[in-house]
Amino acid sequence: MRIHSVELIPLRLPLVTPWHTIGGELNDRDVLLVHIETDGADGWGECAAFSTPFYSPEFVESALIVLRDRLAPLLTAASAVTSSGLSELFAPVAGHRMAKSALEMAVLDAELRTEGRSFAEFLGSERTVVPAGVAVGFQDSPSALVDAVAGYAAAGYRRVKLKVEQGRDLDHIEAVREQFPALSLQVDANGAYGRDDLGHLARFDGFGLSLIEQPLDAEDLVGHAAVAERLATPICLDESLVSLHSVETALALGACDVVNLKPGRVGGYHEAKRIHDWCVERSIPLWCGGMLETGLARAANIALASLPGFTLTGDLSGSDRFFRDDIITEPITVVNGELAVPTGAGFGVELDLDAIKHHRLG
Ligand code: MG
């Protein structure tokens, strides 16, 4: 396939409620879309980076520069492009995985639309629905958190993830667990704790959590191995896992029992599929993490999460979880606690061009 043009579209989408997480507080979701024109169908991609680099080194403006000045020129200069060949094409650019993933998405979408195939069909998945899960940001008090969780439980979400940090952990988790004794519950620390906190973290074992996500710094795999040794609750990694190699390393060190897979973080859906297959061979449980995606990447993630290795419920919620006005024409909705795997060509959603125009920055 030949790529004729790459258009970068920065958007600012208002969030339904502010999102409070470690080191970050968002009232809007700034997101960078990629639109490509090819000699076949057009394709759309979405960059997972946030407006500020609180989650990882990448942010919207850095991604925009790398895409505009480094990656897009490589793509348009190539005489023939395939989504599976992009990691080699982009090899001259180190890192910047979220930027690369956004372009890979657009090429993959264009390829599949040209062939008239859905992403789920391409992946070889057979499930038609996946369970819906939700991540709940920090709330002002344990009772406010219980109220927020109650709303999602009533909306049919089957698993809830809570953000935790020192001072907003034990009493918050305890309040939710007391109110919802049977709820599938997990927590995410986004690296908020240190090696000195092992005794404190061990107290999490009393809450029947399905896992603790990224308790320590992303680079501290040895520290995570010590946490895994001390705690009965499974340890899941997020920020630490940026490639199949880093997944292999974390597992070899005993730093990780469960993998949170985010395609943007690992450079795209092809690498995500390789990690999935590697984990399936070794019976390592997976789930699909969320980055406050629009309906575009959400649709792609739902298809990914329909693969058999995703044995745990992911951060996969309906469009209305984050956005009053999403950029896809048909909202993604939770029905009986489940989300339908898209069946249309490409990622199976149509972009709402008026909404994109309305929310476009610059
Ligand atoms: Mg996380």
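Peptide packing for 104-116, 225-237 was compared via the average number of neighbouring C-beta atoms within 10 Å per residue; ordered from the highest value, the list is 104-116, 225-237. Here segment 145-238 exposes an accessible surface that is 46 percent carbon and sulfur, computed with a 1.4 Å probe and the other protein chains kept in place.
The order of the peptides 289-297, 343-351 by mean Cβ neighbours within 10 Å, most packed first, is 289-297, 343-351. All Cα-Cα separations within segment 235-306 were binned at 10 Å from zero, giving a P(r) of 20, 59, 19, 2, each value a whole percent of the pairs. Both the radius of gyration and Dmax for segment 23-110 are 13.2, 43 Å, in that order, over alpha-carbon atoms. A protection proxy built from the mean count of other Cβ atoms within 10 Å ranks the segments 275-285, 47-57, most packed first, as 47-57, 275-285. Only helices enter the 222 nm calculation for the chain: every DSSP H run of n ≥ 4 contributes -39,500 (n - 2.57), and dividing by all residues gives -9000 deg cm²/dmol, rounded to 500.
From the alpha carbon gyration tensor of segment 66-201, can you work out the equivalent ellipsoid semi-axes (sqrt of 5 times each eigenvalue) and give them in Å, largest to smallest?
So the three semi-axes of segment 66-201 are 41, 22, 12 Å.
Could you give the length gained by full extension between A252 and H358, i.e. 0.36 nm per residue of separation minus their alpha carbon distance, to one decimal place?
Values: separation 106, 0.36 × 106 = 38.16 nm, distance 4.81 nm.
Extra length from A252 to H358 when fully extended: 33.4 nm.
Over segment 66-111, the alpha carbon radius of gyration divided by the compact-protein estimate 2.2 N^0.38 Å works out to 1.00. Here the chain is treated as an ellipsoid with the same Cα gyration tensor; its semi-axes, largest first and in whole Å, are 33, 22, 19.
Note down the Stokes-Einstein diffusion coefficient of segment 170-309 in µm²/s, whole number, using a Kirkwood radius over alpha carbon pairs, 25 °C, and 0.890 mPa s.
Answer from the Stokes-Einstein relation: 157 µm²/s.
Semi-axes of the equivalent ellipsoid for segment 215-258, computed as √(5λ) from the eigenvalues of its C-alpha gyration tensor and ordered from largest down, come to 15, 10, 9 Å. The calculated FRET efficiency for the pair D171 and S283, based on their C-beta separation and a Förster distance of 30 Å, comes to about 0.25. Across segment 124-221, C-alpha contacts under 8 Å between residues 6 or more apart give a mean separation that, scaled by the residue count, equals a relative contact order of 25 percent. Computed over all pairs of different Cα atoms, the Kirkwood value for the hydrodynamic radius of segment 148-195 is 11.5 Å.
The values are calculated or read from the model by the stated rules, or taken from the named source; none is laboratory data. Fair warning: this is a prediction, and the values are worked out from it, not measured in the lab. All Cβ positions, glycine included, derive from the backbone under ideal geometry; neighbour counts span all protein chains shown. Only protein heavy atoms, including side chains, enter the accessible area calculation; ligands, DNA and RNA are left aside. Shrake-Rupley method; radii C 1.70, N 1.55, O 1.52, S 1.80 Å.
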